[in-house]
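Please read the structure below before turning to the comments.
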Amino acid sequence: MARKRERSDIVLDMLLSIQEKGGRIKPTHLMYKANLAHKQMKTYLEELVEKNFVKKIKDNNYEYITITETGMKFVKTIRQMKEFEKTFGL
Amino acid sequence: MIELVYSPRWFYGKDIAIDLISIFVLSLIAFFSIKYYRLNRKNKKYIFLASSFIMMALSFMFKIITNFTIYYHVLETKQIGFVRLTYFSTQPSNILFFAGFLGYRILMLLGLYMLCSIYIKQSKANIILTAYLILALSYFSRSAYYIFHLTALILLVIITSKYLENYKKTKHSTNKWLFYSFATITASNIIFIFVKISAVLYVIAEIVQLIGYVGLLITFTKVLKDGKKKGKK
């Protein structure tokens, strides 16, 4: 059975999804790419905006979510944390 | 009198430098482990890893303080008639000296035991009993120094075998490096057991220890580098 995703896994999945799309993504695409329910995504997104990891912008009447410099740094730290966890068997 | 100085005179100070490098590596990994724990407080293993590495770093600190008392404070000179006599005097009554060595042994064994406990689940009763035995063993091993290294060796063998298991599962290069580093540190402990035979063995053991901790530093830098490179898990 697949293990339940941890909070850090979800945040990482969301930020990586934005990064993979060139740093900008539509909210619905993010929801599918990060494999989240609508309510779940709203909660996480609010938190990410609050922490300045992502920004909401409007372009041609479409809403987009962009990753910030702080968000990029956070992705790097989380990746390193996962690598550390795997190496030391934590 | 209990023999406590195993290093040849020309190696004095160099072993302190090696221990300082070991402290640096252990503290660096402990610092990052605390940093990652702050990001994922659910995983208590981070805090156990940090605590065990801090204990080992402190243990080396105690060893350095003790070595200073030996190397730099007990070289005495006496004038007997026309003859001037310079000799090394290790004073068993020196509180700092014995507290230092005791602290070194206790912290090292407790640190290694804590690291073991991350990988082997134990009951609370078992943990209390083992901690007590470690404290007792640390105190009484002052007259049989090899017992301390033998105990450290057993703990290190358990830890290293866990890292080998982990490497076999993942086949990941950082896991391989971690296994080799701990295997080298384990090897240094084997040599430390026999330091009474020859002072050269002490030098070899310290150099092997240095290789082990440098390996650990390389492992850690690889972890940071690989983490930067990798895409989605």
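The values are calculated or read from the model by the stated rules, or taken from the named source; none is laboratory data. Because the structure is a prediction, the values reported are computed rather than measured. Heads up, the Cβs are rebuilt from the backbone with ideal geometry, glycines too, and the neighbour counts pull from every protein chain shown.
Couple of notes before you dig in:
- Wholly within the stretch B:137-233, helices (runs of 4 or more DSSP H) carrying at least 2 residues that are in contact (Cβ under 8 Å) with a residue 60 or more places away in the chain: B:199-229
- Residue check, A:ILE25 surrounded by 20 or more Cβ atoms within 10 Å (Cβ to Cβ), in contact with a Lys or Arg (Cβ under 8 Å, 6 or more places away or on another chain) and of a type outside the set (Gly, Ala, Ser): yes
- B:PHE220 vs. criteria within 14 Å of A:THR87 (Cβ to Cβ), out of contact with any Gly (no Cβ under 6 Å at 6 or more places or on another chain) and either within 10 Å of chain A (Cβ to nearest Cβ) or modelled with pLDDT under 95 (or both): yes
- The stretch B:146-170: number of residues that are within 24 Å of B:LYS121 (Cα to Cα) and either among the aromatic types (Phe, Trp, Tyr) or within 14 Å of chain A (Cβ to nearest Cβ) (or both): 14
- All conditions but one from (1) more than 10 Å from chain B (Cβ to nearest Cβ); (2) closer than 30 Å to B:ILE29 by Cα; (3) surrounded by 12 or more Cβ atoms within 10 Å (Cβ to Cβ); (4) at pLDDT below 90 apply to A:ARG3; the one that does not is (3).
- One residue stands out among those in the stretch A:31-90 that are of a type in the set (Phe, Trp, Tyr) and outside any strand (DSSP E or B): the one that is nearest to B:TYR37 (Cα to Cα), which is A:PHE84.
- Pairs where the first residue, in the stretch B:110-135, is within 14 Å of chain A (Cβ to nearest Cβ) and the second is in a helix (DSSP H, G or I) and at pLDDT below 90, C-beta under 8 Å, 6+ apart: B:SER117/B:ILE127
- From the options A:MET31, A:MET41, residue that is free of Cβ contacts under 8 Å to residues at least 40 places away in the same chain, crowded, with 19+ Cβ neighbours inside 10 Å and over 24 Å from B:ARG41 (Cα atoms): A:MET31
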